[in-house]
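One structure is given below, encoded as structure tokens.
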Amino acid sequence: MKFVNLHTHSHTNSDSILAIVNQYPNEFLNDIPHYSIGIHPWYIVDERVTEDLNSIKNKLQLKECIALGECGLDKRIEKKIELQIAVFESQLALLHEVKKPVILHCVAAFDEIISCKKNSGIPSPFIIHGFSKNIALAKQLLNQDFYLSFGKYLLRNPEMESVFRHLPNDKIFLETDTISESLEEVYTFAAKCKNISVEKMKEIVWNNYQSVFNNKQ
Ligand SMILES: [Zn+2]
């Protein structure tokens, strides 16, 4: 059983880790065994959106591409939210043909993300990466069938420990994203928060990976 890294930007895969490496349509690296691909709201370039969507559409056909994302909404950046929603919805529309999960970047736009999910009518699992908010919002998202992935803020913000502890085990993932700590350190900390062994923590995330990504390996 491997450690699963739900979201990372570093292109290393070891025998003990199954990493979902983030890729961008305009900066694509070959030979990554498991990746997600999407247009991040920070990197929407008007003149390139059509081209990027086409390339995402093609990659989504491949078995190495196991998720759409990271994509989503960010209200703390200059880019207009209407544009962000349009680009996000165009990406979600690609999942009518291929059923794959979505890895989400969401900053201060949770109501909008919830309504985009509803409006899309897509049955794919939606996973919010880098969750950093309170238990009330976490529960609201779980009620709307989202999964939540933890890493940086679980390690950095002591208030996240109790949020994490109170969430059902079948709704959580762990990740390193861009932090310098190792994935094992994230698992060790997460296991401590839940008062379980690292082995048990691995089993929980591994099972969630299997059920969400339906990817037996
Ligand atoms: Zn990221």
Sequence order, segment 17-22: Karplus ³J(HN,Hα) from phi using 6.51 cos²θ - 1.76 cosθ + 1.60, θ = phi - 60°, Hz rounded, Gly and Pro as x, gives 10, 9, 9, 9, 8, 6
Long-range amide H partners of residue 70, meaning residues 5 or more apart or on another chain whose placed amide H is closer than 5 Å, are 23, 38
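Given contacts defined as C-alpha pairs under 8 Å and at least six residues apart, what's the relative contact order of segment 1-96, whole-number percent?
23
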In degrees rounded to 10, the 0-90 angle between helix 81-93 Cα long axis and the longest Cα principal axis of the chain is 80
Between residue 192 and residue 97, the two model label points (7 Å from Cα along the beta-carbon direction) sit apart by a distance in nm of 4.7
Taking segment 3-213, the equivalent ellipsoid from its C-alpha gyration tensor has semi-axes in Å, biggest first, of 26, 20, 15
The helix 110-120 Cα axis meets the longest alpha-carbon principal axis of the chain at an angle in degrees, between 0 and 90 and rounded to 10, of 60
Taking Lys and Arg as +1 and Asp and Glu as -1, residues besides residue 62 with C-beta under 15 Å from its C-beta add up to +2
Out of 189, 19, 104 - ranked by how far each Cα lies towards the positive end of the dipole of the chain, with unit charges on the beta-carbon of charged residues - the top one is 189
Sequence order, segment 125-137: Karplus ³J(HN,Hα) from phi using 6.51 cos²θ - 1.76 cosθ + 1.60, θ = phi - 60°, Hz rounded, Gly and Pro as x, gives x, 10, 10, 8, 8, x, 5, 9, 9, 7, 5, 4, 5
Phi angles of segment 45-58, converted by Karplus (6.51 cos²θ - 1.76 cosθ + 1.60, θ = phi - 60°) into ³J(HN,Hα) in whole Hz with x for Gly and Pro, give 10, 2, 5, 10, 4, 4, 4, 4, 5, 5, 5, 4, 4, 5
Listed residues 189, 126, 150; largest mean-square fluctuation, Gaussian network over the chain with Cα springs below 10 Å, found at 189
Computed for the chain: size of charge dipole around the Cα centre, +1 on C-beta of each Lys and Arg, -1 on C-beta of each Asp and Glu, debye to nearest 20, value 640
For residue 174, the residues 5 or more places away or on another chain with a placed amide H closer than 5 Å to its own amide H are 6, 150
Any lysines whose Cα falls less than 30 Å from that of residue 200, other than same-chain ones fewer than 8 residues away, would be 2, 63, 99, 100, 133, 139, 152, 171, 192, 216
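Each reported figure results from applying straightforward, stated rules to the coordinates on display, with no laboratory input. No experiment lies behind these values; they were computed from the predicted model shown. Glycine gets a Cβ as well: all are built from the backbone with ideal geometry, and neighbour counts include every protein chain shown.
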